[in-house]
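Worksheet: one structure, shown below.
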Amino acid sequence: MNAKTVLHPFNYDGVRLLPGRMLDQVENARAMYGAIPNDDILHGFRRGTGLPAPGRGMRGWCKETSGVIFGQLLSGMVRMGKATGDGALVEKAALLMEGWARTLPPDGDSGMRCYEFEKLVCGLVDLHEFGGVDGAVRLLERATLAAVKQFDRTRMRADNFFFQGGADRGTREWYTLPENLYRAYLLTGNPLYRGFADEWLYHDYWAPFAVGAEPNNVVPVHAYSHVNSFSSAAMAYAVSGEERYLRICINAYDFMQRTQCYATGGFGPDERLMPPDGSLGRSLDLYAGQAEIPCGTWAGTKLSRYLMGFTGEARFGDWIETMLYNAIGAALPTEPDGRSYYYGDYRISSGVKQYYWHEWPCCSGTYIQTVADYHNIVCFHDERGLLVNLYVPFEVRWRGVTLRQETLFPESETIRLWLTVDQPGAFALRFRVPAWCTGMSIAVNGESVSAAASPGGWASVERSWQTNDEVTLRLPMRLRLLPVDRQHSDRVAILCGPVVLAQDEACCRRPFALEDVAQLESRLVCDAVPLRFNVADTAPERHRRWLQPLYRFPGFWPYWVYFDLKAPPLY
């Protein structure tokens, strides 16, 4: 019995982003990825099968073939193409699929490892679901039948191994396979996909999360792929309806929030999960790579979106919001030559945004998917009405209703929405109240509305709506300190609302220190630039110091994200 879904995304149809930071990021990615020559992407596949191979090929991780991100490129292009109305981008993905299909041997064996095959399945499913490309299903069945025959089923236990896998055909990270195979099953009804997905369920690792959100032993396994595995648990729940899988996902989410995440929403120093013994805080002394940003955002937003859909709970949108502003929203864009932003750097000695040392890594594939997915996480719908998850400029069309949201949030506390309706009618508008927000206010047509606005819940306004009705929200944002973990109470990030503030770390500036946390608001004074705070120094400094959103910092400019508030200064 399939699980019931409470909230529904728009599946890239009906939501349009309006001018703002998110749309800028989408348009940059659409232009860049859309301009990659098809011959370059297909070069390695063609060369390996003896076909004419025009183009220059790709570099770095894609030096031999683009297989490591090929399915992600298909997925991201078709999702973004549908969301933005860019038919040429959808067609590009379809042509890439057809070009790749010509390189397959007669038995359909792609030669891919589980790692690449999972991404391929996602891309082909998306071409069918979002692009209407009929040939994608036939190709998927052919490739899956070959994988059923060829893949090694060897497993390692989920203990102190960085990746879990077998010795043959590179079966590491096999535990991410079920998610998209189950999606294929739900779309086609073909039992091939459900049966194959069932073989790869990660019972060994998931078992403690079926019991609670505080596992007795946190194994330092690969962070991104293991969080991504919970999306397989989510789809196992969607297909089977077994409540155990839903408990696994909820407990995994809570485990991540309590013990694994930095203030940015990123996780996985040195790409590992951390035992909750202060290791997360100590990582700021040891590593430059605190979190895989595009990949980690992809895994986190998917899990959050699944949980919002299954439970209807607003609290799962908080992780999405955090990563939107401070993780993927603060990332450098992927460059045409394959240079990609990979690690978030939050070192206590100062960090910097820079590109990964190999071109076209995994994060170059999840980058386009994650940015395309903005259209699928800003709002949802159910039988009662519309639910606003993110306070960004967008417009949505639903059942004869057009809802337009305009705002400069988070650089303004005010959000305004306008409605256009084909016919006046009653339905609910619900607004996510972030966990950090107290005192959210709502007005309709200038008159205050009494609505419960508890942090972590939905504030609901249900009435008969007419064209030109206006809703005004105000989300008060305050400065706050967020310790990196329980063992490091004085090692903190500074946030205003959902936004992580970073201090400029140019020559002869010292990191912010604070002996009395009650002085936070008097020591940080907002100036004329929204969300920029001047440090009111207690002693003369050579240069003015200020904090501003991490997302404003360009590449290769040093900053501090975490501060040891009571550390003695160096002279």
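The values are calculated or read from the model by the stated rules, or taken from the named source; none is laboratory data. What you are looking at is a predicted structure, and each value in this text was computed from that prediction instead of being measured. Here the Cβ is made from the backbone with ideal geometry for all residues, glycine too, and neighbour counts use every protein chain on show. Heads up: the accessible areas ignore ligands, DNA and RNA and are worked out on the full protein's heavy atoms, side chains in. Shrake-Rupley method; radii C 1.70, N 1.55, O 1.52, S 1.80 Å.
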Subject >> In region 474-489, the residues that are out of contact with any helix residue (DSSP H, G or I) (no Cβ under 9 Å at 6 or more places or on another chain) and under 21 Å from Asp516 (Cβ atoms) >> reply: Leu482, Ser489
**OP:** Name every residue in region 400-419 that is over 24 Å from Val26 (Cα atoms) and out of contact with any Gly (no Cβ under 9 Å at 6 or more places or on another chain), in order of residue number.
**Re:** Leu419
**OP:** Count, please, the residues in region 456-479 that happen to be open to solvent by 70 Å² or more (accessible area, probe 1.4 Å) and within 30 Å of the chain's Cα centre (by Cα).
**Re:** 2
**OP:** Under 6 Å between Cβ atoms, at least 6 apart or on separate chains: pull out the pairs that start in region 251-280 with a residue that is in contact (Cβ under 8 Å) with a residue 60 or more places away in the chain and within 19 Å of Thr370 (Cα to Cα) and end on any residue that is open to solvent by 20 Å² or more (accessible area, probe 1.4 Å) and of a type in the set (Ser, Thr, Tyr).
**Re:** Gly265/Thr322
**OP:** Quick one: in region 349-364, of everything that is in contact with a Lys or Arg (Cβ under 7 Å, 6 or more places away or on another chain) and within 23 Å of Met22 (Cα to Cα), which residue is surrounded by the fewest Cβ atoms within 10 Å (Cβ to Cβ)?
**Re:** Tyr355
Original post:
From the residues in region 89-127 that are of a type in the set (A, V, I, L, M, F, W, C) and more than 26 Å from Ala31 (Cα to Cα), which one is surrounded by the fewest Cβ atoms within 10 Å (Cβ to Cβ)?
Top reply: Leu104
**OP:** Under 6 Å between Cβ atoms, at least 6 apart or on separate chains: pull out the pairs that start in region 464-481 with a residue that is within 17 Å of Glu413 (Cβ to Cβ) and end on any residue that is of a type in the set (Gly, Ala, Ser).
**Re:** Thr472/Ala443; Arg474/Ser441; Pro476/Gly439; Met477/Gly497
Original post:
Does region 238-252 contain any residue that is of a type outside the set (A, V, I, L, M, F, W, C) and touching a Cys at 6+ places or on another chain (Cβ under 8 Å)?
Top reply: no
Subject >> Subset tally (residues that are aliphatic (A, V, I, L, M) and in a strand (DSSP E or B)) for region 430-483 >> reply: 11
Original post:
Out of all the residues in region 7-16, is one or more under 22 Å from the mean Cα position of the chain (by Cα), open to solvent by less than 30 Å² (accessible area, probe 1.4 Å), under 20 Å from Leu127 (Cβ atoms) and aromatic (Phe, Trp, Tyr)?
Top reply: yes
**OP:** Among the residues of region 505-514, count how many are open to solvent by less than 10 Å² (accessible area, probe 1.4 Å) and not aromatic (Phe, Trp, Tyr).
**Re:** 1
**OP:** Give the number of residues within region 270-315 that are of a type outside the set (Asp, Glu) and either surrounded by fewer than 18 Cβ atoms within 10 Å (Cβ to Cβ) or outside any helix (DSSP H, G or I) (or both).
**Re:** 14
Original post:
Hey, any hits in region 555-568 for a residue that's open to solvent by 20 Å² or more (accessible area, probe 1.4 Å) and without any contact (Cβ under 8 Å) to a residue 12 or more places away in the chain?
Top reply: yes
